[in-house]
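Before any comments, here is the structure.
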Amino acid sequence: MASLVGSRVERKEDKRFLTGKGRYTADINLANQTYAIFVRSPHARASIKKLNIDKALKSSGVVSILTGKEIADDKIGGLIAGWAIRSEDGTEMKCPGNPPLAKDNVNFVGDPVAVVIAESLAEAKEAAEKVEVDYKVLKAVTSTADAMNGDTIHEGIDKNLCFDWLLGDRQKVKEAFDKADKVISIDIINNRLIPNAMEPRACVADYNAASEEITLYTTSQNPHLSRLIMSAFGNVAPEHKLRVVAPDVGGGFGSKINVYNEDIVCSWAAKKINRAIKWVAERSESFLTDIHGRDHVTHAELAVTKDGKFLGFKNETIANLGAYARVFGTVTPTYLFGPCATGVYEIPAAYTNVKAVYTNTAPVDAYRGAGRPEATYTIERLVEKASMELGIDKTELRIKNFPTAFPFKQTLVHTVDSGDYVAGMEKAKQMADYKGFEARRKESEAKGKLRGIGVTSYFEACGIAPSAAVMSLGCGVGLWESAEVRFNPTGQVTVYTGSHSHGQSHQTTFAQIAADELGVPIENIDIVHGDTDKGTFGMGTYGSRSLAVGGIAIVNACKKIVEKGKRVTAKMLEANPEDVEFKDGEFIVSKSNKKKTIGEVAFACYLPGVRDEMKSPLPEGDEPGLKETSFYDPSNFSFPAGTHIAEVEIDPETGHVKLEKYTACDDFGRIINPMVVEGQVHGGLAQGIGQALYENAEYDETGQLMTGSYMDYTMPRADNFPEFNIGYTCTHATTNPLGVKGCGEAGAIAAPPTVMNAVIDALGGQEVTMPATAEKVWKACKNLKKSNAKAA
Amino acid sequence: MKDFNYHSAKDSKEASKLASSSSAFLAGGMTTIPSMKLGLATYKDLIDIKNIKKLSGIKVSGKSVTIGAATKHVEVSNSKDVKKAIPSLSSLAEGIGDPQVRNRGTIGGSIANNDPSADYPSACIALNATIHTNERKIEAAKFFKGMFETALKKGELIEAIEFQIPEKSSYQKHPNPASRYAIVGVYVAKHKGDVNVAVTGAKSCVYNDKDMSKALTGNFSSSSIDGMDLDSSEMNSDMHASADFRASLVVTQAKKAVDAC
Ligand SMILES: Cc1cc2nc3c(=O)[nH]c(=O)nc-3n(C[C@H](O)[C@H](O)[C@H](O)COP(=O)(O)OP(=O)(O)OC[C@H]3O[C@@H](n4cnc5c(N)ncnc54)[C@H](O)[C@@H]3O)c2cc1C
C-alpha cells in the first residue's frame, strides 16, 4: 500500500463546506430557544453610577435581563490569565478582576454590562436599547508607550503595570556591548491587529433540568480547555455537568482560544431561565470585543564587530495587554516572545525585558504567531539595519551568524534539535533570483519607481508546550495532547483528538496518518473533535501544535493498537507475539504464510466467541475490544525555520507600495499533505503581509475604536498579493516520531519583517512603521528626494 | 433594524406618489440597507424602484450616453457600448467597491447619495452630465450641492443620467485600501473647446478644479499641471489621508489621467 503521508490527498471536509453543509454554531437552533443581546459600554473607561432595567423589562418579548449584580451574587467567576508571570524584582504579576458582566467599572468600549434575553432577536435588540446606564466617564488610557504615565485604571495596579519581566542577563549583555565595534539600535512598533475570523463568535447554551447538565455550543479552538476554565474558575458548573461543543468553526487565529464573557453569561443564564439561549456576534461586536493581537513598542540594540559578528542583543519592550489579562495574554509577550527574539543567530549575550501594561482597549492575546512575529520583527529589522550600516550583504551577514551545528543551543532558552539554515537561505536566494535584483531595481528606476528587496530568516518554537520545558521556565501549565483510536467490530476506525480543526484540515491529514499507521483505507477513518462528550480531554489547537503534538498522540495510540493486534494474532495463529510483524494492514507470522488482516483482528477483539473457534482469541490479560488512548507530552518544542525574500516597487508620487515578488522557503520538517501546507503558508503570508502593508487597529485618545468596520480596517484581498513562490527544505525533527515541526504560523511570523525590510530598502533605509500606508511612504519618498538633492 | 413597509413601485409616478418625509427609494440598497442596519437611518417606507423598467438600460447616441438610474454598476462596466463611447466611464464602474457591490449598486443611487468619496459624481461633472428626473432636467454642475446633499427635492426620482461623449477622458482613483472608495479620484475629460478636471474624495463635495482645467485647456499635457501647489485648506483630513496628502494626490492623479487619455 502506498503511503498517504506526503501526498496531496484532497480535503475530506471540503465537500460539506463547499456545498453549504457545514454546521457552525450559528446553524444550531434548539427548541424553545431565546435570543441574547449584550448591552455594552460605549465608553472606554467609566464607572457605573446607576443601571436601570425597568423600562427594558417592560419591552415586548423580554424573558430576562441580567446584570453584573446577579452574576456577582451567584458567585460566577471572571475571566482569567492562564500563565502567572513573575517580575524581575520577584513580585507576582498583577491582574484585575474581569467579571463576565461589569458591575462597577467598564474598561473598554464593548465591555458588557448586561444581557437582555428575549423571545426574538429583534425584541432583544429593542429592549437592549431601553436599558439605561448612567456612566461617570473617566479619562481613558489608550497609548501603549504612555500607559505607565496614565491614570490608574485598576485599583492597586500601580503604573498600569501587570509585570516587568526579564529573560537573560543584563550584566553579560553590558560586557558584550562594551566590546562592540558598533551598536545598531532601532525603535519599532508592532501594530495592533484584529483577528477577523470569517465566522464571528457565537454561542448557544442549553440547560437540561433532568440531567442538570449545561451544554454550550461555542466557537472555540479548544472546547475541553474552555470547559475546564468555565468550571474551575467560572464556577458555571462542575466539569461533568458541563458539555462544551465546538462544531465547525470558521477560523480562529487565536481569537477563539479564550473563554469569553458571552460563553459564561449564556451558560449561567440558560440554567437560570431554564431555556436555551442563542447569541451570535455581529461583525461590529467582533471588531470591538474579540481579542486583538500584537501591540508592542520596542527599543532594541545589537552589538556587532566591524566584520559583522553579533556579540550582544538588548530588547526593551512595552506590551499592551488591553483592559484585562486573558488566557494567553501574559504568556504571549513573555515566553512566546523573549526566547525567540534572538532569532536564528548565535548571539553570546542577550536579554529581553517586557513591561506589560493595561490600557482601556480590547484585551490583547495570542494571534497567529503569538509573540514570535513580534520577536522576529525585532531581530530581523535590526539585522537588516546592521547590514546597511556595516555595508555587508544582508544574506551574507545572516549566514555569518547562523549556528554551525545542530542541536543549536539558542541564547536564551531553546535547544533547537534540527535544521539547516544555510541550505534554506541558499534555496530562497535561488528561488527569488536574488542575484538578478540589481537589474530589476534599475528597470524600476528607469520608470521612476523605487525598488527594494528584503530578507528574513526566522525560527519559531511550535508544538506548545512540553510540560518539562514549560515547568523549567516556571510558568505553570504544560500542554500535552490526547488521542483515542477506536476500531468498530467491522473494521472502520474513529479517531478522537483533543486538537480542534477550524480550517487546519485535520479531518484529512490526521486520517492520512492513521491510515498509514493502521493500513486501513482513508475512507474508513473518521476524525472526531470538538466535543467534550467525545474524547477524554484535549488542549486544543493553537501555536502550530496540532500535528506536532496532537498528531503524535494519534501515532502513539495507533502503535498501541498494533501491539495489541500482534498479541491477538499470535494467539489466533498459535505463534509467538515477537514473531508477528505488521505491514500494510496485515499481521503476518514471520517465515510463514499465516496472517490476519487488521479488520479480522478487530472483529475477533469484539466478538471473541465466534462459531467453530473453540477458544477465545484474546490472550490472557487482554480485555475485549480494540481501542487505545495516548496522552502525548512532547520532550521539546519543535522548531520550524526558513528564509523569506520580498521585493516591492514604490511609486514615489502616490506612496503606493506594490508587492512584486514573495518567496518563502520553509523547513517544516516532514510534510504530511503538501496541498494543505501550501494553504497554511498562503493564509499566514496573507496575514503577515496584511500586518506590514494594510491592517491596523486604531483607537483615538478617548478609546473609541476608529477602525471598527471593513470600511476603515483594511483586510487584505487577493488582488493585494502576487503569486507566492513557495519552497521547502525538509530536515526532520528529531524529537517526535513523525519528524514534523508545524506550519500554521510561519507566514504570519516571517512576512512582516520581510516586507518591511524591502520597503525600507527601497526608501534608502528610512524607517516607516507598519502598516506602510501610502501616505507614510509618500512622506518618506519626499524626504528621500530632499536628501538626495542635498547630496547631489 | 427597525420594521418598515416595503413597496415595489411599477412606475415613476407611483414611486414619487408613495414618497414622504420618512421614506427612501430602494435601488441597490448598498447604502440604505447598511445604514438602517447600523441604526444610522430609519425609514417608515422603502420604495423599491428596481422593477421600474424605464429606469434600467443604456442608450448611446452620437453625442451622448444615457444610463437609466437603476442600472447596476456591473452593467455599465460590462457594456460594449459604453466601452466604445466613453471607455473611462466603464472602467470607473469596474473600480467601484467589490463584485457584490457592483452587482447591486446603481448609478442613480450613487448620485442621489452624493457620498463625498463616491466615483460617479466626478463622471457627471467631467462629462457635463444632465440628470433627468421625473420632474425636470438638472445640469450636473448644479446637482451636487454639498456633502450627501443634492438638488433633488423630496420624492423627486432620478430617471436617467445623460453623459456628453468627450474627445478623450480618463478617471484615475487612489482608493481607500479598506473600502475602495476614492481617497482621491480625478476625472479628466477633454471636450471640444474645454477640459474638465472633476475631483472627488478630496473635499466635502465633488468639484471641477478650475486652475487645472484652465491650464489643461491651454495645453493638454501633464507637464502643464506638474508641480501645481493646490490649496489644501478645504481638503478632507482623516486617518486614511491628511489634507496635504490629498492635495498632492489630486495633482498626481490628474497627471496620470492626462497621460492615460
Ligand atoms: C462595501 C461597499 C463599497 C463601496 N465602494 C464604492 C466605491 O468604491 N465607489 C463608489 O462610488 N461607491 C461605492 N459604494 C457605494 C455603491 O456604489 C452604491 O452605489 C451606493 O451605495 C448607492 O447605490 P444603491 O443603488 O445601492 O442605492 P440605495 O442604497 O438603494 O439608495 C441610496 C440613496 O439614494 C436614493 N436613491 C436611489 N435611487 C434613486 C433614484 N433613482 N432617484 C432618487 N433617489 C434615489 C435612495 O433614496 C437612498 O437615499 C460602496 C458601497 C459598499 C457597501
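The values are calculated or read from the model by the stated rules, or taken from the named source; none is laboratory data. Nothing here was measured: the structure is a model prediction, and the numbers come from that model. Glycine also receives a Cβ, built like all others from the backbone with ideal geometry; neighbour counts cover every protein chain displayed.
Quick one: B:Y181 ticks every box in (1) more than 16 Å from the ligand (Cβ to nearest atom); (2) at pLDDT 95 or above bar one, so which box is it?
Status for B:Y181: all satisfied but (1).
Filter the range B:196-227 down to the residues that are within 18 Å of A:G655 (Cα to Cα) and free of Cβ contacts under 8 Å to residues at least 40 places away in the same chain and list them by number.
B:D226, B:G227
Just for the range B:27-45: of the residues that are touching a Ser or Thr at 6+ places or on another chain (Cβ under 7 Å) and not in a loop (DSSP other than H, G, I, E, B), which one is farthest from the other protein chains (Cβ to nearest Cβ)?
Here the answer is B:D45.
Quick one: is A:G739 under 21 Å from A:Y458 (Cβ atoms) and surrounded by 23 or more Cβ atoms within 10 Å (Cβ to Cβ)?
Against the criterion (under 21 Å from A:Y458 (Cβ atoms) and surrounded by 23 or more Cβ atoms within 10 Å (Cβ to Cβ)), A:G739 does not qualify.
Note down all Cβ pairs under 9 Å where the first residue falls in the range B:117-129 and is farther than 19 Å from B:R246 by Cβ, the second is near the ligand (Cβ under 10 Å from one of its atoms) and assigned to a loop (DSSP other than H, G, I, E, B), and they're at least six residues apart or on different chains.
Once the first residue is farther than 19 Å from B:R246 by Cβ and sits in the range B:117-129, its partners that are near the ligand (Cβ under 10 Å from one of its atoms) and assigned to a loop (DSSP other than H, G, I, E, B) give B:Y120/B:I96.
Just checking, does the range A:709-717 include any residue being within 11 Å of chain B (Cβ to nearest Cβ) and among the aliphatic types (A, V, I, L, M)?
yes
Mind checking whether some residue in the range B:201-215 is within 14 Å of chain A (Cβ to nearest Cβ) and over 27 Å from A:E695 (Cβ atoms)?
Among the residues of the range B:201-215, not one is within 14 Å of chain A (Cβ to nearest Cβ) and over 27 Å from A:E695 (Cβ atoms), which makes the answer no.
Is it true that some residue in the range A:429-446 is in contact (Cβ under 8 Å) with a residue 12 or more places away in the chain, on the phi > 0 side of the Ramachandran plot and not aromatic (F, W, Y)?
For the range A:429-446, residues in contact (Cβ under 8 Å) with a residue 12 or more places away in the chain, on the phi > 0 side of the Ramachandran plot and not aromatic (F, W, Y): absent.
Could you tell me which residue of the range A:761-789 is nearest to the other protein chains (Cβ to nearest Cβ), considering only residues that are surrounded by fewer than 24 Cβ atoms within 10 Å (Cβ to Cβ) and among the β-branched types (V, I, T)?
Within the range A:761-789, the match that is nearest to the other protein chains (Cβ to nearest Cβ) is A:T773.
Condition check ((1) farther than 26 Å from A:G369 by Cβ; (2) touching a strand residue (DSSP E or B) at 6+ places or on another chain (Cβ under 7 Å); (3) within 14 Å of chain B (Cβ to nearest Cβ)) across all residues:
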position: A:P619; (1), (2), (3): yes, no, no
position: A:G642; (1), (2), (3): no, yes, no
position: A:V657; (1), (2), (3): no, yes, yes
position: A:R670; (1), (2), (3): no, yes, no
position: A:Q691; (1), (2), (3): no, yes, yes
position: A:L705; (1), (2), (3): no, yes, yes
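Test of understanding: among A:G424, A:G419, A:G454, which residue is touching an Asp or Glu at 6+ places or on another chain (Cβ under 7 Å) and assigned to a helix (DSSP H, G or I)?
Sole residue among the options that is touching an Asp or Glu at 6+ places or on another chain (Cβ under 7 Å) and assigned to a helix (DSSP H, G or I): A:G424.
Among the candidates A:L738, A:L685, A:L659, single out the residue that is in a strand (DSSP E or B) and touching a residue at least 60 places away in the same chain (Cβ under 8 Å). Lay out the reasoning, then the answer.
Working: A:L738 fails: in a strand (DSSP E or B); A:L685 fails: in a strand (DSSP E or B).
Checking each option against the conditions leaves just A:L659.
Within the range A:454-481, work out how many residues are buried (at least 24 other Cβ atoms within 10 Å of the Cβ), polar (S, T, N, Q) and farther than 30 Å from A:K661 by Cβ.
0
Please give the number of the condition B:M235 fails out of (1) closer than 25 Å to B:A151 by Cα; (2) within 16 Å of the ligand (Cβ to nearest atom); (3) assigned to a loop (DSSP other than H, G, I, E, B); (4) within 14 Å of another protein chain (Cβ to nearest Cβ).
(2)
Kindly indicate whether B:D226 is charged (D, E, K, R), in a helix (DSSP H, G or I), surrounded by fewer than 19 Cβ atoms within 10 Å (Cβ to Cβ) and within 14 Å of chain A (Cβ to nearest Cβ).
On the way: charged (D, E, K, R): yes; in a helix (DSSP H, G or I): no; surrounded by fewer than 19 Cβ atoms within 10 Å (Cβ to Cβ): yes; within 14 Å of chain A (Cβ to nearest Cβ): yes.
The answer is no for B:D226.
Which residue, of B:G62, B:G57, B:G39, is away from the ligand (no atom under 12 Å from the Cβ), farther than 30 Å from A:K125 by Cβ and at pLDDT below 95?
Residue meeting the stated conditions: B:G62.
A:N720 - would you say it is more than 26 Å from A:A386 (Cα to Cα), more than 20 Å from the chain's Cα centre (by Cα) and within 14 Å of another protein chain (Cβ to nearest Cβ)?
For A:N720, the condition - more than 26 Å from A:A386 (Cα to Cα), more than 20 Å from the chain's Cα centre (by Cα) and within 14 Å of another protein chain (Cβ to nearest Cβ) - is met.
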